[in-house]
Amino acid sequence: MNIKIIYETQNGTTQYVAEVIQKQLRESGHEAILHSVKYDGMQPSLEGIDLVLFGGPTYDDGKLEKTLREFIDVYSPDLSRHKVAVFGLGNKTYPQFCVAADILEAWVKSKGGRLVVESLRVDGFPDHLEKISEYVQSLIKIS
């Protein structure tokens, strides 16, 4: 399965999670490509992609990271032809935990996308990778 992981990070944690997901998918025999919105551009190609993952952090009091917010305002793909999944990061000490995942889910649906697994919500820095590994296994099962 060809997978593109489109993400943005504020302080590196979302990038770390994206890299862990990529590594585990590759170890399972899938092609997984990382795409940073900030560094790789606002118009990623989905040509030949079977599964698209969108990920980002929640910051402040329930906001999507600025570059990712700009991205969803300008990027308008037809996601109806792709399997789609979302992952978000946040901190449970804030009342708006992982709102980034909620925002991305709504955006995916507005672009015709169908979420194929429950979204991953990561609390703080993932010291233990079990939850990420479970998420990756759910992605592998839908392949």
*Positive minus negative residues near Val136 (Lys, Arg vs Asp, Glu; Cβ under 11 Å)*: +1
_Fraction of beta bridges assigned by DSSP in the chain that are antiparallel (%, nearest 5)_ = 10 percent
*Exactly which GluC sites (Glu not before Pro) in segment 45-102 are in a DSSP loop and have at most 12 other Cβ atoms within 10 Å?*
Glu47
*Which value at 222 nm does the chain reach when only helices count, each DSSP H run of 4 or more adding -39,500 (n - 2.57), with the total divided by all residues and rounded to the nearest 500 deg cm²/dmol?*
-11000 deg cm²/dmol
*What's the FRET efficiency of Asp50 with Glu19 using the Cβ-Cβ distance as r and R₀ = 22 Å, to the nearest 0.05?*
0.65
_Under a Cβ-only charge scheme (Lys and Arg +1, Asp and Glu -1), can you give me the dipole magnitude of the chain about the Cα centre, in debye to the nearest 20?_
260 debye
_Approximate spin-label separation Asp123-Val74, in nm, with each point projected 7 Å along Cα-to-Cβ_ = 3.6 nm
*Could you count how many Lys pairs in segment 2-141 have their Cα atoms under 15 Å apart, skipping same-chain pairs fewer than 8 positions apart?*
8
*asked:* At 0.36 nm per residue, and after removing the present C-alpha to C-alpha distance, how many nm does the segment from Gln43 to Lys111 gain when stretched out fully?
replied: 23.0 nm
_Taking 30 Å as R0, compute the FRET efficiency from the Cβ-Cβ separation of Ile142 and Lys66 and round it to 0.05._
0.45
*Can you give the net charge of the other residues whose Cβ lies under 15 Å from the Cβ of Tyr39, counting K and R as +1 and D and E as -1?*
-2
*Output ³J(HN,Hα) for segment 127-138: one whole-Hz value per residue in order, computed from phi by the Karplus curve 6.51 cos²θ - 1.76 cosθ + 1.60 with θ = phi - 60°, and x for Gly and Pro.*
5, 10, 9, 4, 5, 5, 4, 4, 4, 4, 4, 5
_Taking 8 Å as the Cα distance limit and 6 or more residues as the minimum spacing, I'd like the relative contact order of the chain as a percentage._
24 percent
*Select one label from (i) 1.29; (ii) 0.95; (iii) 1.02: the one whose number is Cα Rg over 2.2 N^0.38 Å as derived from the coordinates shown.*
(ii)
*Using alpha carbon centroids, what distance separates segment 73-94 and segment 105-143, in Å?*
9 Å
*Summing +1 for each Lys or Arg and -1 for each Asp or Glu, what net charge is found among the other residues whose Cβ lies under 15 Å from the Cβ of Val52?*
-1
*Would you grab the residues whose amide H sits under 5 Å from the one on Leu53? Only those 5+ places off in sequence or on another chain, please, with H modelled 1.01 Å from N.*
Lys4, Ile5, Ile6, Ala85
*Taking R0 as 25 Å, what's the FRET efficiency between Arg81 and Glu27 from their Cβ-Cβ distance, rounded to 0.05?*
0.40
_Explain nothing, just compute: Karplus ³J(HN,Hα) = 6.51 cos²θ - 1.76 cosθ + 1.60, θ = phi - 60°, for every residue of segment 38-54 in order, whole Hz, x for Gly and Pro._
5, 9, 10, x, 8, 10, x, 6, 10, 4, x, 9, 8, 10, 10, 10, 10
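Taken together, the values in this text are just the output of simple stated rules run on the coordinates, not laboratory data. Owing to the predicted nature of the structure, the values given are computational and were not obtained by experimental measurement. Here Cβ is always computed from backbone atoms with ideal geometry, including for glycine, and neighbour counts include all displayed protein chains.
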